[in-house]
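S.K.: Sharing a structure, written as structure tokens. Questions coming.
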Amino acid sequence: MLKMSDSIMSGSINEFKQGKSPLIMPQDESTPFCPWSDDFLLGIDRLDKQHDALFSTLNKLHDILMSHGSPVAIDKTLSCLIDQTRVHFQTEETFMQQHDYPDYEGHKTLHDILLRQIEGVLETQHELESYHLQQSWAEKLDLADFLREWLLSHIVDADKKLGDFLKKHGG
Ligand SMILES: [Fe+2]
Ligand SMILES: [Fe+2]
């Protein structure tokens, strides 16, 4: 049985500290939570469009959290984010396989770890709801911060390397 003291955040999500990222510019009220910038473009159209869509869904999730939206709305948007992420990772992994990308295993492992983490958060949320409990808003916002940090740092590092490789090899 789930204990109240169990943390909803696990592993690296728990260790994540807000505000450390050099990738996030200081924000004002009008700046989206996860602002898109051409710095994130890989030059591979399909992947760039998927990244842009992930940013939009993450911004939507953050807006719902900031307005203390209903658990149903949060659940729906988080599920959508997970589905989009799964499809996006599958697209990248197919490109990697088609072009014999040398770091396929390493890049796929990063994808698998992230998916396991966010699926675990959703599962825990469902378990809490079955006991008529809820995550704290701080924990929910920690998740959004973690996802933003992960997405930005993954794009500018692992995905950029993949994009450069694909452009060189006719991707
Ligand atoms: Fe990506
Ligand atoms: Fe990736």
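S.K.: Which pairs in the list LYS49/LYS168; LYS76/LYS161; LYS49/LYS161; LYS49/LYS167; LYS49/LYS108; LYS60/LYS160 are over 27 Å apart, alpha-carbon to alpha-carbon? Can you show the working numbers first?
M.R.: On the way: LYS49/LYS168 20 Å; LYS76/LYS161 32 Å; LYS49/LYS161 17 Å; LYS49/LYS167 16 Å; LYS49/LYS108 20 Å; LYS60/LYS160 25 Å.
Those over the limit are LYS76/LYS161.
S.K.: Which whole-Hz couplings ³J(HN,Hα) result when phi for each residue of the stretch 144-154 is put into the Karplus expression 6.51 cos²θ - 1.76 cosθ + 1.60, θ = phi - 60°, listed in order with x for Gly and Pro?
M.R.: My calculation for the stretch 144-154 gives 4, 4, 4, 5, 5, 4, 4, 4, 5, 5, 5 Hz in order.
S.K.: Now for a separate question. For the stretch 62-171, what is Rg from Cα atoms divided by 2.2 N^0.38 Å, rounded to two decimals?
M.R.: 1.25
Values quoted throughout were computed directly from the atomic coordinates according to the rules given, and no laboratory measurement underlies them. Bear in mind the structure is a predicted one, so any value in this text is a computation, not a measurement.
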